[in-house]
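Okay, so here's the structure we're looking at.
The values are calculated or read from the model by the stated rules, or taken from the named source; none is laboratory data. Owing to the predicted nature of the structure, the values given are computational and were not obtained by experimental measurement. Note: ideal-geometry Cβ built from the backbone for every residue, glycine included; neighbour counts use all protein chains shown. To get the accessible areas, we keep the full protein, side chains included, count just its heavy atoms, and leave off ligands, DNA and RNA. Shrake-Rupley method; radii C 1.70, N 1.55, O 1.52, S 1.80 Å.
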Amino acid sequence: QVQLVESGGGLVQAGGSLRLSCAASGSIFSINAMGWYRQAPGKQRELVAIVTSGGRTNYADSVKGRFTISRDNAKNTVYLQMNSLKPEDTAVYYCYTDADRSGYWGKGTLVTVSS
């Protein structure tokens, strides 16, 4: 079983920055992809950014150039640096990992961007 613990959410003004972290722990043999999804009120959960074990990244068009995903394989941790935040980035952000051929989700961390 894998546990994901997220941190770093909060309230920020438009144009500001936040950094999310997510650490995976438990009985882990190997981790493939790690990433972030988000869900705004009344909307479906959507991919924000994802990074493979080899370092390949993929971003939602809406965050390209503003968000940067990175990971520390030694710590089983993934980060999301969010710059130039907009009110439409307001959502619960969920960490996701593909570990040992199973998918795992964190409980989510709320990011609120005020205008």
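Output the number of residues of segment 1-60 satisfying the condition of being among the β-branched types (Val, Ile, Thr), open to solvent by 60 Å² or more (accessible area, probe 1.4 Å) and over 17 Å from THR109 (Cβ atoms).
Here the count works out to 1.
Could you list all residues from segment 61-72 that are among the basic types (Lys, Arg) and open to solvent by 70 Å² or more (accessible area, probe 1.4 Å)?
LYS64
Enumerate the strands (runs of 3 or more DSSP E) found wholly within segment 29-106, keeping only those where 2 or more residues are among the hydrophobic types (A, V, I, L, M, F, W, C) and in contact (Cβ under 8 Å) with a residue 24 or more places away in the chain.
Where strands (runs of 3 or more DSSP E) fall fully within segment 29-106 and carry at least 2 residues being among the hydrophobic types (A, V, I, L, M, F, W, C) and in contact (Cβ under 8 Å) with a residue 24 or more places away in the chain, they are 31-39, 46-51, 77-82, 91-99.
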